[in-house]
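Read-outs: derived from the displayed coordinates by stated rules, not from any lab. Everything quoted here is computed from the prediction, not taken from an experiment. Positions of Cβ are backbone-derived with ideal geometry, glycine not excepted, and every protein chain shown enters the neighbour counts.
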Amino acid sequence: MNETGPPRAVLDSDVIYSRVLHELFGRLATEADLLITSDRGFVAEPLARRGIEVISPDRLLTRTFASEPTAVLTALAEQAAVWGGGRPVGQLLDALERAGAHEFATTARTALSR
């Protein structure tokens, strides 16, 4: 993992536009600590041997929430305030859940209900 700052990440949208697989692995090896993807087809073990973690967006959001709950709740409130002209945080969490962030949405809802 990158010891000088936050993890460097390659999003799966970058993968879609990679022309050849070796280009992707070359980029990962030199540029990333995380591969953030909802694609369960990635084999995590070979990447882990190179120090690259394959993680879903839901798991990353949940992990970030666990380490920085106040910052994440603040970011959710700020995002909801500007999303579609301003909506309740619950609607933003509904949208995130529909997008696949089930664990994160549940965790955030539980924290907000306290």
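Label-point separation (nm) for A99 and E68, each offset 7 Å from Cα along Cα-to-Cβ?
In this crude spin-label approximation the distance works out to 1.7 nm.
Label the range 60-112 by shape, choosing from rounded, prolate and oblate, from the square roots a ≥ b ≥ c of the eigenvalues of the Cα gyration tensor; if a/c is under 1.5 it is rounded, and otherwise prolate applies when a/b is larger than b/c, oblate when it is not. Each step should come with its number before you reach the end.
On the way: a/c = 1.99, a/b = 1.30, b/c = 1.53.
In terms of gyration-tensor shape, oblate.
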